[in-house]
Structure formats: structure tokens, C-alpha cells
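Student: I have a structure here, written as C-alpha cells, and I will follow up with some questions on it.
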Amino acid sequence: MTYLIISDFHLNHKVSTKELKFYKQLFLSVDKIIINGDFWEGMRPIANIDKFIKSQWNELLQILKDKSAIYIFGNHDFYEIDEQEKALWLTEAQKVFSSISHEYRLNLGNKVYKIIHGSQFRHPFMINSALFEYLYYKVSKLVSKTFLGSRIYNFIGGKWNRRIIETVIPTLQSNEILICGDTHAPMKSDRYINTGFNFSGNYGYLILTDNFEKLYFGRM
């Protein structure tokens with residue numbers, strides 16, 4: 001069985017035809033899909049779950065449903081949305097995904113992949129205000145459309161990745177491998193994998209089988 005682990009789409013009701021085609025082909029090419037958080041953007045004033053569900057992105061939701069996909073919550077799923085929109089997203093997610101949680105463990109051979117979004121591991125002194133997150137989101141969306149986007153994410157997110165390797169990996173069992181998103185900086189080491197991000201023409205995802213493990217990232 002072929003597994004796809006992917007995260008950080010930050011989708012809203014605006015649809016990129018190019019990205020939609022890319023992800024439809026990718027989703028259809030695998031047996032099982034695990035979305036590791038932040039599939040849609042729950043930040044005000046961007047969030048509008050009703051428009052998102054009714055948009056052409058619904059074609060991806062149908063594929064995810066057909067493949068009994070698994071969903072792991074990210075920090076932007078419910079970032080600033082009100083209770084009504086939260087209920088709408090939960091209702092839709094329950095229709096689409098076979099499993100919804102904050103963590104998922106995948107056993108393949110003698111390895112155990114611990115899949116978690118990763119925002120839980122951010123530095124305690126990192127700015128976590130709504131204004132900062134909104135400005136960072138808007139700027140990163142613009143910058144990520146250029147060749148500088150991945151370089152900036154690798155610089156900033158790379159520091160978060162290294163911190164996770166230093167502080168979290170030592171707490172795992174010897175056969176456990178941690179898979180995260182959140183930092184938007186793709187990375188693969190012996191015990192830690194970050195799948196990067198998927199917006200503004202950039203892609204990042206992990207393909208797993210019983211004897212195969214490969215991280216893919218780049219621009220479409």
C-alpha cells in the first residue's frame with residue numbers, strides 16, 4: 001500500500017486550476033492519504049468555510065472521502081473562526097475523513113511513524129498573536145510565489161526543525177520517526193521528516209510504503 005502524507009495547503013474559496021489539477025492527480029495516484037493539518041485556512045478575515053466547501057476544491061474533498069483519508073488537526077484549522085464556522089468545518093470533516101485526531105501513528109514494517117502537525121513544538125517565546133500570524137500569512141503567501149519563498153521558509157522554518165530534532169526526537173522510542181508540517185520547511189533526517197507546504201505553486205509531500213520512504217518538494 002502506498003501512503004501520501006501531506007499538509008499545509010491553507011486553502012480558501014479561491015481556486016488555482018493548476019494546483020487543483022496537480023493535487024487531484026497526486027491524490028488519485030496513491031492508496032491512502034493522511035492530511036497532516038492546515039488543509040484550509042481558519043484565520044479571519046480569510047476564513048469562510050461555507051464558500052470553501054462550495055468551491056471547486058470540493059473535488060479534492062470527494063477524492064479524500066473516496067479514499068477514506070485521515071485528518072490530523074493543525075493550528076490554522078480553527079485559528080480565529082467563530083463557533084458556527086467551527087461546527088461547519090467539523091461537520092464537513094466528519095463526512096469526508098475516516099479518522100480525525102490530533103495525532104496518528106502508522107506502523108510500517110519495524111518502523112512507527114508518529115504523525116503530528118508540529119505547531120505544538122514551537123518555541124515558547126515565539127510570537128503567537130493573531131495580528132502577527134495574519135501579517136506573516138499574507139506576506140508569506142506573496143513571497144512564496146517567488147523563488148525566494150522556499151529559501152525564506154528554509155531559513156526560518158529550518159530553525160524550528162532543528163529545535164524539534166534537538167528537543168523532541170530524544171523523547172521518542174528508538175523505532176519511532178516523527179513526521180510534521182507547520183514550519184513550511186521540507187526536511188528529512190533519520191528520525192524526523194517535515195513535509196513542507198502546498199500553496200502558491202509550491203508542493204511538498206511524503207510517499208511511504210513498507211520498503212520505500214521519499215520526500216518530494218519543489219515548484220509546479
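Student: So between Lys188 and Asn110, what do we pick up on full extension, going 0.36 nm a residue minus the alpha carbon distance? If you can, show how the numbers build up before the last one.
Tutor: Numbers: separation 78, 0.36 × 78 = 28.08 nm, distance 1.86 nm.
In short, 26.2 nm is gained.
Student: HN-Hα J couplings of the range 66-74 from phi, Karplus 6.51/-1.76/1.60, θ = phi - 60°, integer Hz, Gly and Pro as x?
Tutor: Karplus values, whole Hz, x for Gly and Pro: 4, 9, 6, 5, 10, 10, 10, 5, x.
Student: How much length is gained if the chain between Gln84 and Asn211 is pulled fully straight, taking 0.36 nm per residue apart and subtracting their Cα-Cα distance, in nm to one decimal?
Tutor: On the way: separation 127, 0.36 × 127 = 45.72 nm, distance 4.38 nm.
Answer, rounded to one decimal: 41.3 nm.
Student: Using 0.36 nm per residue of separation minus the Cα-Cα distance, give me the extension gain between Ile152 and Met1 in nm, one decimal. Mind dumping the intermediate values first?
Tutor: Working: separation 151, 0.36 × 151 = 54.36 nm, distance 3.48 nm.
Taking 0.36 nm per residue and subtracting the Cα distance, the gain is 50.9 nm.
Student: Leaving ligands and nucleic acids out of the surface, order His10, His102 by accessible area at 1.4 Å, largest first.
Tutor: Values: His10 10, His102 115 Å².
The ranking, largest first, comes out as His102, His10.
Student: Would you kindly derive the ³J(HN,Hα) couplings of the range 191-202 from the backbone phi angles with the Karplus curve 6.51 cos²θ - 1.76 cosθ + 1.60 (θ = phi - 60°), listing them in order in whole Hz, with x for Gly and Pro?
Tutor: Whole-Hz 3J(HN,Hα) from phi for the range 191-202: 10, 9, 10, 10, 8, x, 8, 9, 7, 6, x, 9.
The values are calculated or read from the model by the stated rules, or taken from the named source; none is laboratory data. Since this is a predicted model, take the numbers as computed values, not measurements. Side chains included, ligands, DNA and RNA excluded: accessible areas come from the protein's heavy atoms. Shrake-Rupley method; radii C 1.70, N 1.55, O 1.52, S 1.80 Å.
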